[in-house]
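K.L.:
Before we start, here is the structure in question, set down as C-alpha cells.
Values in this text are rule-based calculations from the coordinates and carry no lab data. The model shown is predicted, which means the values in this text are computed figures rather than measured ones. Every residue, glycine as well, gets a Cβ built from its backbone with ideal geometry; the counts of neighbours run over all protein chains shown.
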Amino acid sequence: METNGPYLPQDKIFTADRKLYAKLDLKARSRGMRHEPTPAEELLWHRLRGNQLGVKFRRQHSIDRFIADFVCLPHKLIIELDGAGHLEPDQAEYDKGRSEILAELGHRVLRFSNDQALYETEKVLQAIKANLQKV
C-alpha cells in the first residue's frame, strides 16, 4: 500500500508517523535553542565557528533523539556545556546515560561546566583540540 507523506497505513486508516514528527519537533527545538544561547554557549560558539580549529562545528544539532550543544560531525566529537542543574543526581544520571547512548553511536562526548567555558576558555579549547587529534 502506498503511503501519503508522513502518514502510515494502520488497518486501512492512515495515522501520523510518530518518529517523523518527533524528529521534526527535535529540529524545531534545536533551531529555537540556537536563537537563545546561554552566555557560555555564545562565548564558546564564537571560538568554534568558522573553522577556527580547522574543522567545522555545528551548534544545537540533533543526533538521534538528543540535541548536542556543539558537534564536529567528521570527527564525531560532541561538546556539552552543563549548567548547575546538571549537578543534580537525577540530571547527572540522565547525562551519563545520554553520553553512553551517543558513545554507542560512535560519538565521543566532552562535558564542560558553563563556568569552565566562561572563565577557562583556553583550557576548554585545548581539550577540544587534543580530542580532535585523537581520530
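K.L.:
State which entries of 76/129; 56/76; 56/134 exceed 19 angstrom in Cα-Cα distance in the structure shown. It would help to have the intermediate numbers written out before the result.
P.N.:
Numbers: 76/129 13 Å; 56/76 11 Å; 56/134 16 Å.
Pairs exceeding the cut-off: none.
K.L.:
Could you compute the FRET efficiency for residue 73 and residue 96, with r as their C-beta to C-beta distance and R0 at 30 Å, rounded to 0.05?
P.N.:
Once rounded, the FRET efficiency stands at 0.85.
K.L.:
Provide the per-residue ³J(HN,Hα) series for region 95-103, in order, calculated from phi with Karplus coefficients 6.51, -1.76, 1.60 and θ = phi - 60°, each as a whole number of Hz, with x at glycine and proline positions.
P.N.:
Here the 3J(HN,Hα) series is 4, 4, x, 4, 4, 5, 5, 5, 5 Hz.
K.L.:
By its C-alpha gyration tensor, with a ≥ b ≥ c as the square roots of the eigenvalues, how is region 37-132 shaped: rounded for a/c under 1.5, else prolate for a/b larger than b/c, else oblate? Please list the in-between numbers first.
P.N.:
Values: a/c = 1.74, a/b = 1.15, b/c = 1.51.
Note, shape of region 37-132 comes out oblate.
K.L.:
Next question, about the same structure. For residue 82, list long-range residues whose amide hydrogen, built 1.01 Å from N in the peptide plane, is under 5 Å from its own amide hydrogen.
P.N.:
112, 113, 114
K.L.:
Can you list residues from other chains, or at least 5 along the same chain, whose modelled amide H is less than 5 Å from the amide H of residue 73?
P.N.:
58
K.L.:
Within region 56-77, list the residues whose amide N lies under 19 Å from a label point set 7 Å along Cα→Cβ of residue 46.
P.N.:
Within reach of a label on residue 46, which here means backbone N under 19 Å from a point 7 Å along Cα→Cβ, region 56-77 contributes 57-60, 70.
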